[in-house]
Amino acid sequence: MRIELEKRPRVSLLFSVLSPLLALVLTLVFGAIMFWLLGKSPLNALYVYFVEPLLEVWSLHELAIKAAPLILIGVGLAVCYRSNNWNIGAEGQFTIGAIAGSILPVLYPQWHSWIILPLMLVMGMAGGALYAGIPALLKTRFNTNEILTSLMLVYIAQLFLDWLVRGPWRDPQGYNFPQTKSFQVEAVLPEMLASGRAHWAFVFAIVAAVALWFMMRFMLKGFEVSVLGQSERAGRFAGFSARRMVWFAMLLSGALAGLAGISEVSGSIGHVQPSISPGYGFTAIIVAFLGRLNPLGIVASGLVLALTYLGGEAAQLSIGISDKVSRVFQGLLLFFVLSCDTLIHYRIKLVFSDVRTVEAKG
Amino acid sequence: MKKLIIALAASAALLGGFTSGAQAQEKKKVCFIYVGSRTDGGWTQAHDLGRQQLDKALGAKVETPFLENVPEGPDAERAIERMARSGCAMVFTTSFGFMDATVKVAAKFPDIKFEHATGFKAAPNLATYNSRFYEGRYIQGQIAAKMSKKGLAGYIASFPIPEVVMGINAFELGAKSVNPNFKLKVVWANTWFDPGKEADAAKALIDQGVDILTQHTDTTAPMQVAAERGILAFGQASDMIAAGPKTQLTAIVDTWGAYYIKRAQALLDGTWKSEQIWDGLKDGILTMAPYTNMPDDVKAMAEETEAKIKSGELHPFTGPINKQDGSAWLKAGEKAQDGVLLGMNFYIEGVDDKLPQ
């Protein structure tokens, strides 16, 4: 006996909308079982994990801080994936964006002018876009697989950052710790409200999400993305160029990842250090799919994923659960999203092998 | 369905509210934040053992929640703030890299007591505490000089901060008190906690011919490499004898427990003050693991040195000491000031390495 996936003749519209919610509920149910097996009260644990961080203002600020890079990167990736280009290297573009954006405050710490921050943001976006341009060039020129090239460039970016902050960019007064000088006030992304630490990166994320949603929904460019993504041949008939689309998709997602990188360094960290991201570029892939590659859906899924980070801390502190639990939740969530999606398009069929051999003989 | 959800949410809220309310009345929360895993076999584990001792000693009056694997940076500031807001009366932040985050959060919560390990920034509600690790390293250096056949030891260092440089110098001073020509090779792993990098550093040093290994990083990886290659090594932060039963000579064991109990008691009594504490072997904040895998005369020498340091008869940084370039640093009989030690950024004569600047 074996199991086969058989394509469904019709895809249920209701369930393709419900699928992420269903995945969320299944994650919660399995999470509850896991807490119960660990000997904790499942209800209390889920409350601490998913509700408590939402009840206080300061914690909502922290949620926005954590969600901003996920959403910024996620919406860019969504457009990229819709066009059938698979940029897996957002983490690297995030890193290069952060480095490119930090050039001014690191090299010119005495420059006090309001213009420095906008310049940093633009340079961050340019850095991320250029870095994503490498796999785009390789793909359009040599037909290489962008999944591999973009992923491998992540490690190069991280090692380059590591070298910079341990070598030429290290703060001479920093007790030899591998980090740069703290940025001057003018180079720090300001906080949005007085009530907490959340800074403007969250606004950038929302603006980017709405703009890309508008583009995908109402603009010719959005139509071009979807058509080329679904069928390159059909796109050619409509006069769209798949090659130009590779450039557009990679540069856009790279620029947004770069913006996320410089915003994180400028707004949350305040200097450059060897580790600037707990894997935002990779988590954003989960965020993009959980949001069904829809920019507005990604705002919601980015907040959910951010909550799993914060909840992990709250749960560790008040009920003593290991910090690995947040990783488990993120994994469960991705697993259920993917399997729900699969089961909307396919149904499981049990095939009894002996039946088939009989048929073959007959 | 909707009613069910409301009912569930309400009961959950009740449950959450009830438990946290009950705890706040009975016990004071003394919280700990760790940079690594509390089972790392080194630095963080030593702090966690201290926390457990505190739990045992004052468990009726305090409880001791903790957060582990907190990265230094923005996540640390959020984690410390979460502790402050979750009702902790006192927070121990146990890594140098938590310094700026601790200072920021301490300024926001003046009623909560903070204690930062190995740092140098204090405030009315922020104390610092540290241990004179160099005392143990001096003893290790003496043992190394007796046990090494080649007169050459390897030192796996983390970051070139004063704390670590001081340790390297103390080791070399101890070694030179036995063998004036003793040489020390240093490899910078640029991490506190990374078993892979630490093991690589250990292999690189052994390939360069050292036959004694010591480390200022947190995991047992170097000890395991030393055991595989059949050379001797010193443990760090925790007793690492399990990782090298035939390898470990001794280890500097951080015994924070007594300090944690003392400070938590002060909190309960209302006598807590912000202090900058730098305790040593005599105060029990560090202890030497049993002297093993060495002949009796070496063991006797190590015990004698330990006793002399405890009694104050011997200060490892006593002149005459020259800097690496041969220029004089301390005159004969002159002892180094604490302030100079805490800002140390130069090597003494005999260290075979260039200090990264």
Open item on the list: Here is a list: B:Ser311, B:Ser274. Which entry is hydroxyl-bearing (Ser, Thr, Tyr), within 26 Å of B:Gly119 (Cα to Cα) and touching a residue at least 12 places away in the same chain (Cβ under 8 Å)?
Closed with: B:Ser274
Task: Extreme residue, farthest from the other protein chains (Cβ to nearest Cβ), among residues of segment B:57-71 that are within 21 Å of the chain's Cα centre (by Cα) and in a loop (DSSP other than H, G, I, E, B) - done: B:Thr64
Task: Qualifying position, being aromatic (Phe, Trp, Tyr), closer than 24 Å to A:Ala208 by Cβ and either over 27 Å from the mean Cα position of the chain (by Cα) or part of a helix (DSSP H, G or I) (or both), among A:Trp163, A:Trp114, A:Trp169 - done: A:Trp114
Open item on the list: B:Glu304 - would you say it is in a loop (DSSP other than H, G, I, E, B), surrounded by fewer than 16 Cβ atoms within 10 Å (Cβ to Cβ) and either over 20 Å from the mean Cα position of the chain (by Cα) or in contact (Cβ under 8 Å) with a residue 60 or more places away in the chain (or both)?
Closed with: no
Open item on the list: Which condition from (1) crowded, with 18+ Cβ neighbours inside 10 Å; (2) modelled with pLDDT under 95; (3) under 14 Å from the mean Cα position of the chain (by Cα); (4) among the hydrophobic types (A, V, I, L, M, F, W, C) is the one that B:Met288 breaks?
Closed with: (2)
Task: Tally of residues being touching a helix residue (DSSP H, G or I) at 6+ places or on another chain (Cβ under 6 Å) and hydrophobic (A, V, I, L, M, F, W, C) across segment A:12-24 - done: 3
Task: Pairs, first facing chain B (nearest Cβ under 7 Å) in segment A:170-181, second outside any loop (DSSP other than H, G, I, E, B), C-beta under 6 Å, six or more apart - done: A:Pro178/A:Val165; A:Pro178/A:Arg166
Open item on the list: Among the residues of segment B:84-128, what is the count of those that are closer than 21 Å to B:Lys27 by Cβ, among the basic types (Lys, Arg) and within 14 Å of chain A (Cβ to nearest Cβ)?
Closed with: 1
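Quick grid of which residues meet (1) over 20 Å from the mean Cα position of the chain (by Cα); (2) in a helix (DSSP H, G or I):
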position: B:Tyr129; (1), (2): no, no
position: B:Arg137; (1), (2): no, yes
position: B:Lys150; (1), (2): yes, no
position: B:Leu173; (1), (2): yes, yes
TODO: Please tell me if B:Thr292 is touching a Leu at 6+ places or on another chain (Cβ under 7 Å), among the β-branched types (Val, Ile, Thr) and in contact (Cβ under 8 Å) with a residue 24 or more places away in the chain.
DONE: yes
Open item on the list: If I ask for residues that are within 11 Å of chain B (Cβ to nearest Cβ) and outside any helix (DSSP H, G or I), which ones from segment A:280-320 would you list?
Closed with: A:Gly320
Open item on the list: Considering only segment B:72-83, I want to know if a residue exists there that is under 18 Å from B:Leu268 (Cβ atoms), assigned to a helix (DSSP H, G or I) and within 14 Å of chain A (Cβ to nearest Cβ).
Closed with: no
- [ ] Report yes if some residue within segment A:240-262 is more than 17 Å from the chain's Cα centre (by Cα) and of a type in the set (Gly, Ala, Ser); otherwise report no.
- [x] yes
- [ ] Could you tell me whether any residue of segment A:135-143 is farther than 22 Å from A:Gly74 by Cβ and crowded, with 20+ Cβ neighbours inside 10 Å?
- [x] no
Task: Search result, residues across segment B:315-333 that are of a type in the set (A, V, I, L, M) and touching a residue at least 24 places away in the same chain (Cβ under 8 Å) - done: B:Ile321
Task: Those residues of segment B:337-356 which are of a type in the set (S, T, N, Q) and either closer than 11 Å to B:Lys185 by Cα or within 14 Å of chain A (Cβ to nearest Cβ) (or both), in sequence order - done: B:Asn345
- [ ] Looking only at segment B:72-90, decide whether some residue is hydroxyl-bearing (Ser, Thr, Tyr), surrounded by fewer than 20 Cβ atoms within 10 Å (Cβ to Cβ) and out of contact with any His (no Cβ under 7 Å at 6 or more places or on another chain).
- [x] yes
Task: Among (1) buried (at least 24 other Cβ atoms within 10 Å of the Cβ); (2) farther than 26 Å from A:Pro20 by Cβ, the one test that A:Ser253 misses - done: (2)
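Residue by residue, here is whether (1) under 22 Å from B:Thr191 (Cα atoms); (2) modelled with pLDDT under 90 holds:
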| position | (1), (2) |
| --- | --- |
| B:Ile33 | yes, no |
| B:Thr39 | yes, yes |
| B:Gly42 | yes, yes |
| B:Leu54 | no, no |
| B:Ala60 | no, no |
| B:Asn69 | yes, yes |
Task: Hits in segment A:22-56 - residues which are within 13 Å of chain B (Cβ to nearest Cβ) and within 16 Å of A:Leu290 (Cβ to Cβ) - done: A:Val25, A:Leu28, A:Phe50
- [ ] Kindly establish whether B:Ile139 is assigned by TED's automatic domain parsing to the domain that holds B:Glu228, of a type in the set (A, V, I, L, M), crowded, with 21+ Cβ neighbours inside 10 Å and under 22 Å from B:Lys335 (Cα atoms).
- [x] yes
Open item on the list: Whether any residue in segment A:206-225 is among the small types (Gly, Ala, Ser) and within 14 Å of chain B (Cβ to nearest Cβ) is what I want to check.
Closed with: no
Task: Extreme residue, farthest from the other protein chains (Cβ to nearest Cβ), among residues of segment B:39-56 that are more than 29 Å from A:Ile276 (Cβ to Cβ) and of a type in the set (S, T, N, Q) - done: B:Gln53
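Here is a yes/no grid of residues against (1) within 14 Å of chain B (Cβ to nearest Cβ); (2) in contact with a Leu (Cβ under 6 Å, 6 or more places away or on another chain); (3) over 20 Å from A:Ala209 (Cα atoms):
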residue	(1), (2), (3)
A:Tyr81	no, yes, no
A:Gly97	no, no, no
A:Met125	no, yes, no
A:Ala136	no, no, yes
- [ ] Identify, from the list B:Lys121, B:Lys104, the residue that is part of a loop (DSSP other than H, G, I, E, B), among the charged types (D, E, K, R), at negative phi and at pLDDT below 95.
- [x] B:Lys121
TODO: Would you list the helices (runs of 4 or more DSSP H) that sit entirely within segment A:1-93 and hold 1 or more residues that are under 30 Å from A:Ile344 (Cα atoms) and in contact with a Gly (Cβ under 6 Å, 6 or more places away or on another chain)?
DONE: A:57-82
Task: Unique residue being farther than 19 Å from A:Leu121 by Cα, at pLDDT 95 or above, out of contact with any strand residue (DSSP E or B) (no Cβ under 9 Å at 6 or more places or on another chain) and more than 14 Å from chain B (Cβ to nearest Cβ) when the list is A:Leu228, A:Leu153 - done: A:Leu153
Open item on the list: Suppose the filter is farther than 18 Å from A:Ala98 by Cβ and crowded, with 18+ Cβ neighbours inside 10 Å; does A:Ile269 pass it?
Closed with: no
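The values are calculated or read from the model by the stated rules, or taken from the named source; none is laboratory data. Keep in mind the model is a prediction, meaning the values are calculated, not measured. Using ideal geometry, Cβ is built from the backbone for each residue, glycine included, and neighbour counts are taken over all protein chains shown.
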